[in-house]
1. Considering only residues that are open to solvent by 80 Å² or more (accessible area, probe 1.4 Å) and in contact with a Phe, Trp or Tyr (Cβ under 7 Å, 6 or more places away or on another chain), which ones fall in segment 210-253?
2. Confirm whether S193 is surrounded by fewer than 20 Cβ atoms within 10 Å (Cβ to Cβ), of a type in the set (S, T, N, Q) and closer than 30 Å to G312 by Cα.
3. State which residue pairs qualify: first residue open to solvent by 70 Å² or more (accessible area, probe 1.4 Å) and inside segment 313-334, second residue of a type outside the set (G, A, S) and in a helix (DSSP H, G or I) in any location, beta carbons under 7 Å apart, and separation of 6 or more residues or different chains.
4. If we keep just the residues of segment 70-116 that are assigned to a loop (DSSP other than H, G, I, E, B) and charged (D, E, K, R), which is most open to solvent (accessible area, probe 1.4 Å)?
5. For residues that are outside any loop (DSSP other than H, G, I, E, B) and open to solvent by less than 20 Å² (accessible area, probe 1.4 Å), tally how many sit in segment 260-304.
6. Out of (1) open to solvent by less than 10 Å² (accessible area, probe 1.4 Å); (2) closer than 22 Å to T192 by Cα, what's the single condition that is false for A140?
7. Going through L199, L195, L150 one at a time, which residue ends up being modelled with pLDDT under 95 and under 22 Å from the mean Cα position of the chain (by Cα)?
8. May I ask you to say which residue of A42, A57, A76 is of a type outside the set (F, W, Y), in contact with a helix residue (DSSP H, G or I) (Cβ under 6 Å, 6 or more places away or on another chain) and more than 24 Å from A255 (Cβ to Cβ)?
Amino acid sequence: MAKLFERRLTPADSPLAIFATTITAFLVAMLVTAFLFLYYGANPFLAYFALCHEPFATLRGFGYSLVRASPLALIALGTIMSWRSGFSYLGFEGCFVIGATGAGWLALLTAPGGRIGPVPLSLFMPLAMLFAFTVGGIWAGLVGVVRARLGGNEVLISLMSNYVAILILQYLVSGPMRAPGSLPETPLLPRTSWLPFILPGTRAHAGILIALAAAGLVWMMLQKMPLGYELIVTGFNPSAARYAGINVRSRLVLAAFFAGGLGGLAGMVEVLGSQHRLMDGISGGVGFVGIVVALLARLNPLAVIPTAILYGGMSVGADAMQRRASIPSSITFILQSLAVLLVLAFDALRYYRINLPYLRRTPPSVNEQVYK
């Protein structure tokens with residue numbers, strides 16, 4: 001009996017097939033969102049032009065897109081490291097906060113009058129990256145140890161650890177690290193600790209270069225190195241990994257450490273590249289949005305950077321769309337959510353094909369039904 005959907009003999013895993021399903025999902029999401037534009041009496045074409053022109057056709061807007069994309073890309077890379085290793089970690093918000101706190105504390109130590117004193121940028125930046133990576137890795141690694149040694153649920157534990165990290169930051173910026181007579185925030189970090197700007201006339205900083213380097217390293221580790229192969233096998237089939245002599249527990253902890261380290265780097269990029277001070281609410285949900293970027297990139301490290309720039313650009317373009325077309329910027333979040341849902345749904349087309357002859361087939365006549 002013919003069916004509307006027929007299972008493919010082998011999944012369509014070619015880059016062209018993945019790209020086609022992703023673009024189709026985005027186009028459908030844009031088509032659905034266009035009806036919301038019509039509800040507000042706006043021209044969908046003008047609205048989408050405003051959404052895309054500011055972040056991608058102007059230097060200033062593109063710079064802001066890179067600023068938004070840098071931490072998102074690092075969180076997405078951490079998600080790829082953990083999820084492809086079978087470690088369903090959701091605590092990147094906490095890693096982000098802990099990494100930002102560590103980098104901010106180190107920057108204050110090197111401020112004029114600090115305990116260490118001024119340090120050249122060439123020396124401070126590697127130390128800050130190493131320190132943020134380490135504290136973020138330890139924060140997530142503790143959850144990995146609980147999962148590997150005690151069999152705890154890493155999803156629940158990592159979600160709860162986010163609140164612990166946020167409360168730690170709130171205590172520090174409201175007490176020991178608070179600037180005198182100011183809001184719950186630290187003093188402005190010394191200029192020598194800021195990430196250098198890379199595009200003149202914009203706020204784009206070297207954080208995007210850190211994200212690019214991290215994407216290359218993650219891809220190389222997962223695709224070209226024995227350790228990456230062991231991590232993937234551990235996530236794909238732990239029993240087979242144990243049979244092959246792989247220490248599954250240690251690989252889970254290692255995957256958690258790498259994932260948390262990348263989340264800590266995202267926090268460092270935000271505090272040293274954009275905010276230049278620690279404050280309550282510095283994360284703004286980046287730890288969760290980065291997971292969405294990883295899903296849109298289909299857990300492919302090489303697709304993370306363009307996906308993060310696209311997602312960050314949509315956030316920048318939402319404000320421009322609100323100014324030019326008088327449309328609430330919240331519609332952009334609806335578009336982003338629809339895009340994620342449809343990308344995941346359209347992924348089924350890689351495993352099933354639509355049976356076009358079934359659509360063209362005419363229903364049987366009354367006589368044929370009686371005959372049957």
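The values are calculated or read from the model by the stated rules, or taken from the named source; none is laboratory data. Being a predicted model, the structure only gives us computed values, none of them experimental. Please note: Cβ atoms are built from the backbone with ideal geometry, for glycine as well, and neighbour counts cover all protein chains shown. What goes into the accessible areas is simple: the full protein's heavy atoms, side chains included, and nothing from ligands, DNA or RNA. Shrake-Rupley method; radii C 1.70, N 1.55, O 1.52, S 1.80 Å.
1. none
2. no
3. Once the first residue is open to solvent by 70 Å² or more (accessible area, probe 1.4 Å) and sits in segment 313-334, its partners that are of a type outside the set (G, A, S) and in a helix (DSSP H, G or I) give I334/T33; I334/L36.
4. Checking each candidate, the answer is R115.
5. 21
6. (2)
7. Details: L199 fails: under 22 Å from the mean Cα position of the chain (by Cα); L150 fails: under 22 Å from the mean Cα position of the chain (by Cα).
Only one candidate qualifies: L195.
8. A42 is the lone residue from the list that is of a type outside the set (F, W, Y), in contact with a helix residue (DSSP H, G or I) (Cβ under 6 Å, 6 or more places away or on another chain) and more than 24 Å from A255 (Cβ to Cβ).
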